[in-house]
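To keep things clear, I will list the structure first and then write my remarks on it.
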Amino acid sequence: MTFKVTGGEQGGWAVLRVSGELDLMTSPVLRQRVHDVVAEGGHSLVLDLSDVWFCDSSGVGVLIAARRLLRSCQGSLRLILPDRGAADGSHVNKVLGALGVRRLFDIHPDVRSAVDEDPSPLSA
């Protein structure tokens, strides 16, 4: 599977859908796309990681940097890790949990709940 980041907007939120491997080679692409969203005035960002099947420390670094960037401009970052993720041990869930950083993120099971005005995030 090739790495791909596609963008859109839903409910006033910029949504980036990420698929493939998020690693040393591909994480700069995601980092740039996040910076592009912020540069265009988007301070509410959803990263849909539903189709990311591998994430290394470089990918985690991009997620943390995105969180920091959005917080610095009083924005919000929400991650999509599908509800099946915790049950089936999805790779992204495992990596974030193993590194102890999952609790830093506002995590939702799908885009609809992430862009909801009254979100109910999954517990860490």
ask   = Mind checking which pairs have a first residue in region 50-75 that is part of a helix (DSSP H, G or I) and a second that is open to solvent by 50 Å² or more (accessible area, probe 1.4 Å) and among the basic types (Lys, Arg), Cβ under 6 Å, 6 or more apart or different chains?
value = VAL62/ARG31
query = In this structure, does LEU99 turn out to be without any contact (Cβ under 8 Å) to a residue 60 or more places away in the chain and open to solvent by less than 20 Å² (accessible area, probe 1.4 Å)?
reply = no
query = Filter region 7-30 for residues that are hydroxyl-bearing (Ser, Thr, Tyr) and either at pLDDT below 95 or outside any loop (DSSP other than H, G, I, E, B) (or both); which is surrounded by the fewest Cβ atoms within 10 Å (Cβ to Cβ)?
reply = SER19
inquiry  = Of the conditions (1) over 12 Å from ASP106 (Cα atoms); (2) open to solvent by less than 30 Å² (accessible area, probe 1.4 Å), ARG33 satisfies every one except a single condition; which number is it?
reply    = (2)
message = Please verify whether LEU45 is assigned to a helix (DSSP H, G or I), of a type outside the set (Lys, Arg) and modelled with pLDDT of 95 or more, treating the condition exactly as stated.
response = no
key: For LYS4: the one exception among (1) modelled with pLDDT of 95 or more; (2) open to solvent by less than 20 Å² (accessible area, probe 1.4 Å); (3) not polar (S, T, N, Q)   = (2)
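The values are calculated or read from the model by the stated rules, or taken from the named source; none is laboratory data. Bear in mind that the values here come from a model prediction, so they are computed numbers and not experimental data. So basically every Cβ, Gly included, is an ideal-geometry build from the backbone, and we count neighbours across all protein chains shown. Keep in mind that these areas ignore ligands, DNA and RNA; they rest on the heavy atoms of the full protein, side chains included. Shrake-Rupley method; radii C 1.70, N 1.55, O 1.52, S 1.80 Å.
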